[in-house]
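Asker: Sharing a structure with you now.
The values are calculated or read from the model by the stated rules, or taken from the named source; none is laboratory data. Computed from a predicted structure; not experimentally measured. Cβ coordinates were reconstructed from backbone atoms using ideal geometry, including for glycine residues, and neighbour counts include every protein chain displayed. Surface accessibility is based on the protein's heavy atoms, side chains included, excluding ligands, DNA and RNA. Shrake-Rupley method; radii C 1.70, N 1.55, O 1.52, S 1.80 Å.
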2 protein chains.
Amino acid sequence: MNMSMYQASVPMFIHTLKNLRAILEKGLAYAEARKFDPNILAGSRLFPDMLPFSRQIQIASDAAKGAAARLAGIDPPKFEDTETTLPELIARIDKTLDFLKSVQPAQIDGSEEREITIKTPRQEFKFTGAVFLRHWAIPNFFFHVTTAYNLLRHAGVEIGKADYLGRV
Amino acid sequence: MNMSMYQASVPMFIHTLKNLRAILEKGLAYAEARKFDPNILAGSRLFPDMLPFSRQIQIASDAAKGAAARLAGIDPPKFEDTETTLPELIARIDKTLDFLKSVQPAQIDGSEEREITIKTPRQEFKFTGAVFLRHWAIPNFFFHVTTAYNLLRHAGVEIGKADYLGRV
């Protein structure tokens with residue numbers, strides 16, 4: 001009766017990305033109501049040397065699709081990171097959701113001990129599937145989702161934790 | 001070979017809280033270097049109607065200890081939420097770590113189907129243990145940890161994602 005690797009990963013990513021999508025819709029509506037260019041939100045940052053909102057969404061997408069693909073032992077779809085507007089970023093979330101929904105439990109279940117290698121510009125990391133999921137993929141995913149949320153919160157969009165947690 | 005409920009929860013909370021503790025130490029050092037009162041950081045917010053930094057730490061602590069206790073079917077230790085300084089908040093993290101380390105795998109393993117009830121001011125939620133963990137406890141925990149991180153990042157503390165992810 002243990003939690004399977006699929007249950008511990010893909011449904012959580014799907015649930016949270018749907019919530020993130022709804023948060024972006026609220027950002028778009030906020031910009032429209034106040035008659036400012038919503039793409040200003042896409043470029044927003046909390047500090048000058050931080051990655052902007054658009055990159056937070058792209059990396060959240062990469063974290064989710066990369067985790068699902070690595071655990072399944074398949075190649076993740078490659079997205080070009082060209083999104084600069086909120087509607088494009090919403091479409092990016094939709095493409096990510098489509099991929100996540102295409103991954104079947106049987107592809108991921110049993111991946112606890114699968115060797116996963118992550119290369120960053122500075123370093124190479126080797127994990128088992130279970131350690132990769134809980135110490136890399138999940139924290140990384142929520143980091144970028146929450147940072148995107150915080151950027152819109154800081155901009156005055158009326159969102160709260162219920163938007164982030166969604167319907168449970 | 002599935003991931004156990006303990007493995008999917010407590011080690012991730014412990015790992016991330018240790019990283020959060022180190023991030024608070026950097027905040028403290030930053031305030032000391034710039035000779036401003038570090039407690040200004042404890043009261044910081046990204047928007048006026050948002051909970052301040054100190055509450056983000058307290059709620060991250062509650063999310064972790066509450067999840068471990070609920071899954072184990074025991075009462076979490078009650079902390080009084082009186083912390084207003086960074087050293088007090090670091091001590092709060094330490095108390096939380098002490099509790100998490102005291103919870104044994106055998107207390108949590110097998111809690112996938114345990115009925116968990118969460119009461120919020122507005123609503124009551126009933127979950128199985130597995131759904132509680134992945135759609136409530138984990139997202140909630142990372143939300144407050146990342147928001148605390150973002151508050152310090154916004155204040156100019158020199159931290160990056162490596163501080164948040166820690167040694168893996």
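Asker: Out of the residues in the range A:3-14 that are in contact with a Lys or Arg (Cβ under 8 Å, 6 or more places away or on another chain) and in a helix (DSSP H, G or I), which is least open to solvent (accessible area, probe 1.4 Å)?
Answerer: A:Met12
Asker: Of all residues in the range A:131-159 being farther than 20 Å from A:Ala64 by Cβ and within 7 Å of another protein chain (Cβ to nearest Cβ), which is least open to solvent (accessible area, probe 1.4 Å)?
Answerer: Residue satisfying both the conditions and the ranking: A:Gly156.
Asker: Identify, from the list B:Thr85, B:Thr117, B:Thr128, B:Thr96, the residue that is away from chain A (no Cβ under 11 Å), farther than 25 Å from B:Asn19 by Cβ and either in contact with a strand residue (DSSP E or B) (Cβ under 9 Å, 6 or more places away or on another chain) or touching a residue at least 24 places away in the same chain (Cβ under 8 Å) (or both).
Answerer: Sole residue among the options that is away from chain A (no Cβ under 11 Å), farther than 25 Å from B:Asn19 by Cβ and either in contact with a strand residue (DSSP E or B) (Cβ under 9 Å, 6 or more places away or on another chain) or touching a residue at least 24 places away in the same chain (Cβ under 8 Å) (or both): B:Thr117.
Asker: Another question, then. Hey, can you tell me all the residues within the range A:23-48 that are surrounded by fewer than 17 Cβ atoms within 10 Å (Cβ to Cβ) and either of a type in the set (Phe, Trp, Tyr) or in a helix (DSSP H, G or I) (or both)?
Answerer: A:Glu25, A:Lys26, A:Ala29, A:Glu32, A:Ala33, A:Arg34, A:Phe36, A:Ile40, A:Phe47
Asker: A further question on this structure: Conditions: (1) open to solvent by 50 Å² or more (accessible area, probe 1.4 Å); (2) at the interface with another protein chain (Cβ under 9 Å from one of its Cβ atoms); (3) in a helix (DSSP H, G or I). A:Ala106 meets all but one. Number of the miss?
Answerer: (2)
Asker: Which is within 16 Å of the chain's Cα centre (by Cα) and β-branched (Val, Ile, Thr), of A:Ile74, A:Ile90, A:Ile40?
Answerer: Answer to the check: A:Ile90.
Asker: A further question on this structure: Hey, does the range B:145-159 have a residue that's free of Cβ contacts under 8 Å to residues at least 12 places away in the same chain and touching a helix residue (DSSP H, G or I) at 6+ places or on another chain (Cβ under 8 Å)?
Answerer: Scanning the range B:145-159, I find no residue that is free of Cβ contacts under 8 Å to residues at least 12 places away in the same chain and touching a helix residue (DSSP H, G or I) at 6+ places or on another chain (Cβ under 8 Å), so the answer is no.
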